[in-house]
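Quick notes on the structure that follows.
The values are calculated or read from the model by the stated rules, or taken from the named source; none is laboratory data. As the structure is a computational prediction, the values presented were derived from the model and not from experiment. Note: ideal-geometry Cβ built from the backbone for every residue, glycine included; neighbour counts use all protein chains shown. Accessible surface is based on the protein model in full, side chains and every heavy atom, while ligands, DNA and RNA are left aside. Shrake-Rupley method; radii C 1.70, N 1.55, O 1.52, S 1.80 Å.
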Amino acid sequence: MKYYVTTPIYYVNDVPHIGHAYTTIAADVVARWHRLQGHEVFFLTGTDEHGAKIAQAAATHQEPPQGYCDRIAAQFQADWRTLGISNDFFIRTTATAHQRGVQTFLQGLYEKQYIYKARYTGKYCVSCERFLLDDELVDGLCPDHRIPPQEHAEENYFFRLSAFREPLIHALTNDRDPHHFTIAPPERHHEVLGKLKVALADISISRASLAWGIPIPWDSSQTTYVWIDALLNYITALGYPDERSRIDRPVVSNVERWWPADLHLMAKDILWFHAVIWPALLLAAGLPVPRKIFAHGFFTVNGQKMSKTIGNVIRPEELIQRFGVDGTRYLLLAAFPFGSDGDFSLATLETMYNATLANNLGNLVSRVATMVDKYLQGRVPENAAGPIVGEVERRLRAVGAAFDTLKFFEALTAISQVADSINQYLETQAPWRLAKESPDRLPAVLGDVLRCLWLLALYLAPIMPTAAQTIWTQIGEEGHLTETAPRWLSQPPDRRPPPGPPAGRIVRPPSPLFPRLGT
Ligand code: ME8
């Protein structure tokens with residue numbers, strides 16, 4: 001099975017913050033979860049580098065636009081490396097190959113007469129990079145950015161988006177439509193469908209007065225509207241239009257191999273572009289539409305929208321310094337259900353870190369390693385596989401199902417409850433008492449717990465790859481978890497070998513996985 005997952009490509013008007021990290025970590029979890037099951041994955045992220053907003057940011061920094069974009073794009077790449085993001089490619093919209101792909105795509109639509117020229121007057125919000133309708137304005141201001149939109153009146157090229165209203169409604173509501181696709185969570189599907197049913201107007205796809213963009217191929221006095229340029233990244237990253245493979249049949253091009261995307265992930269702010277404009281562009285070009293579009297919620301920080309003006313923008317490195325990379329990945333996804341809006345405060349993240357990571361999970365791993373070291377001379381005992389192992393495996397299978405449906409919060413809650421149960425099992429079995437009263441029962445109890453930790457590490461790996469590998473090695477496994485896991489997970493549950501490290505392996509003395517935070 002193959003799986004193509006994307007994040008939005010982020011604007012380089014500022015350095016990455018935890019809003020960008022949130023979606024990128026979620027996409028990384030999905031990518032890692034699929035790889036863990038032995039699927040072939042293409043995971044794409046990148047940066048959106050054209051348009052008025054970026055031109056302004058470069059001017060503010062007194063840098064040439066390309067140099068400015070290079071600097072910020074490098075920052076995104078560095079942050080994603082630090083956060084353990086396993087993207088297979090990083091697309092930048094100022095790359096020559098992307099620009100060529102955009103021009104080929106637009107030329108195709110122009111030749112099919114999906115593009116026409118008209119005069120346009122409208123109110124443009126540079127921060128949104130879109131035109132706002134009069135009824136969207138609040139006191140004459142953009143509702144999101146609280147700034148007055150700029151009046152625009154110019155000749156532009158338009159895309160016949162209105163022609164796709166019926167086909168899109170049909171594709172969304174009929175699963176037998178060859179272009180069927182889904183929008184999740186369901187409330188987002190209803191929201192898009194509701195709006196589509198009201199009306200769908202053509203959209204301007206070029207700018208006459210903005211130089212920082214991709215020239216329209218048949219009229220170099222205009223540049224491509226940044227959103228059209230940006231959406232096309234999802235196919236130009238695959239090498240669209242793949243001239244070589246057209247000559248080279250039967251070689252399968254990367255576009256044929258990976259397109260359509262299985263999942264476009266984003267927050268709800270940019271759903272309309274992905275759920276309506278993007279599929280319409282693809283339909284017009286005769287290309288398949290993405291299979292699923294998932295729009296998660298928007299979060300605030302201490303109850304306020306993150307903004308430079310308020311000064312409450314949190315950078316990923318601030319969380320990493322406090323909670324480590326794995327802690328940050330865990331906490332961002334464990335704080336509230338994926339798909340809902342939420343709020344972060346450093347104080348609640350700290351409480352959660354100490355309770356679930358330091359006290360529960362970290363402590364569990366370290367006490368098991370200590371006991372195996374002390375009572376069994378550090379050796380993994382023969383397989384006993386008591387009922388707790390089957391129980392933990394069954395509960396963790398539900399975690400897999402939660403990953404499949406992007407229910408990260410539910411997955412992490414379940415993992416934490418499993419860790420709780422294993423801790424309770426240790427309390428009731430009390431190996432420290434067995435050591436005195438019936439030492440012959442010790443191997444079975446501790447062996448079971450080791451097997452449970454093996455399972456826990458496996459299901460934790462998409463979220464906390466480093467901690468999972470540390471647990472894996474600590475309980476006596478050799479090699480890399482990501483190499484063993486696909487062989488195990490890809491088999492039907494009733495045919496899998498028993499979980500756990502082989503008997504006789506050495507369990508290493510504990511090192512703290514998640515050091516407790518001082519108050
Ligand atoms: O919109 N809560 O880029 P962008 C949750 N370039 N997610 C958040 C967030 C928050 N507070 N803040 C940001 C663009 N995000 C375009 C996209 S794609 C073809 C072009 C995340 O830099 C979330 O994924 O404004 C949101 O959709 C995205 O950042 C917007 O990033």
Q: Specify which residue in the list Ile228, Leu196, Ala369 is farthest towards the positive end of the charge dipole of the chain, using unit charges on the beta carbon of Lys, Arg (+1) and Asp, Glu (-1), about the Cα centre.
A: Ala369
Q) Using the Karplus equation 6.51 cos²θ - 1.76 cosθ + 1.60 (θ = phi - 60°), what ³J(HN,Hα) coupling, rounded to whole Hz, does each residue of the stretch 271-285 give in order, writing x for Gly and Pro? A) 5, 4, 4, 7, 8, 10, 5, 5, x, 5, 4, 5, 4, 4, 7
Q.
Is there a quick way to get the dipole size of the chain? I mean about its Cα centre, with the Cβ of Lys and Arg at +1 and of Asp and Glu at -1; what is the value in debye to the nearest 20?
A. 960
Q. Could you name the aspartates and glutamates in cross-link range of Lys292, using Cα to Cα under 16 Å and dropping any fewer than eight places away on the same chain?
A. Asp175, Asp177, Glu187, Glu191, Asp262, Asp404
Q | Anchor Lys436: lysines whose Cα lies under 24 Å away (excluding residues fewer than 8 positions away in-chain) | A | Lys374
**Q.** Unit Cα scatterers, Debye sum, the stretch 136-236: log10 I(q)/I(0) for q = 0.23, 0.25 Å⁻¹
**A.** -1.22, -1.23
Q. What fraction, in whole percent, of alpha-carbon pairs in the chain exceed 42 Å separation?
A. 27
Q. What chymotrypsin sites (Phe, Trp or Tyr not before Pro) in the stretch 201-305 are in a loop by DSSP, with at most 14 other Cβ atoms within 10 Å of the Cβ?
A. Trp218
(Q) Could you work out the relative contact order of the chain? I mean the mean sequence separation of Cα pairs under 8 Å and 6+ apart, divided by the number of residues, in percent. (A) 16
Q: For Arg130, list long-range residues whose amide hydrogen, built 1.01 Å from N in the peptide plane, is under 5 Å from its own amide hydrogen.
A: Cys125
**Q.** Stretch gain in nm, segment Met1-Thr405, where the contour uses 0.36 nm per residue and the Cα spacing is subtracted
**A.** 143.8 nm
(Q) Using only Cα atoms and rounding to the nearest 10 degrees, what angle (0 to 90) does helix 65-82 make with the longest principal axis of the chain? (A) 20
Q. In the stretch 336-400, which GluC sites (Glu not before Pro) are in a loop and have at most 12 other Cβ atoms within 10 Å, using DSSP for the loop call?
A. Glu382
Q | Pairwise centroid distance, computed over Cα atoms, of the stretch 88-166 with the stretch 383-430, Å | A | 48
Q.
Leaving out ligands, DNA and RNA, and with a 1.4 Å probe, what % of the accessible surface on the chain is carbon or sulfur?
A. 52
Q) Which one of Phe164, Pro498, Phe273 is farthest out on the positive end of the charge dipole of the chain, using unit charges on Cβ (Lys, Arg +1; Asp, Glu -1) and the Cα centre as origin? A) Pro498
Q. Along each of its three principal axes, how wide is the spread of alpha-carbon positions in the stretch 446-486, in whole angstrom units, largest first?
A. 25, 18, 17
Q: Using a 1.4 angstrom probe, figure out how much accessible area the chain has per residue, in square angstrom, rounded to the nearest whole.
A: 42
Q) Which of the residue pairs Lys123/Lys308; Lys2/Lys308; Lys2/Lys123; Lys2/Lys305 have a Cα-Cα distance greater than 31 Å in the structure shown? A) Lys2/Lys308; Lys2/Lys123; Lys2/Lys305
Q: Report the Cys residues of the chain lacking a disulfide-compatible partner, meaning no second Cys Cβ under 4.7 Å from their Cβ.
A: Cys69, Cys452
**Q.** Cross-link partners of Lys117 among lysines (Cα-Cα below 29 Å; sequence separation of 8 or more within a chain)
**A.** Lys53, Lys195, Lys197
Q) Helix 442-460 sits at what angle to the longest principal axis of the chain, using alpha carbons and giving 0 to 90 degrees rounded to 10? A) 0
Q) For the stretch 346-495, what is the Kirkwood estimate of the hydrodynamic radius, computed as the reciprocal of the mean inverse distance between distinct Cα atoms, to one decimal in Å? A) 16.0
Q. What angle do you read, to the nearest 10 degrees and between 0 and 90, between the alpha-carbon axis of helix 96-111 and the longest principal axis of the chain?
A. 50
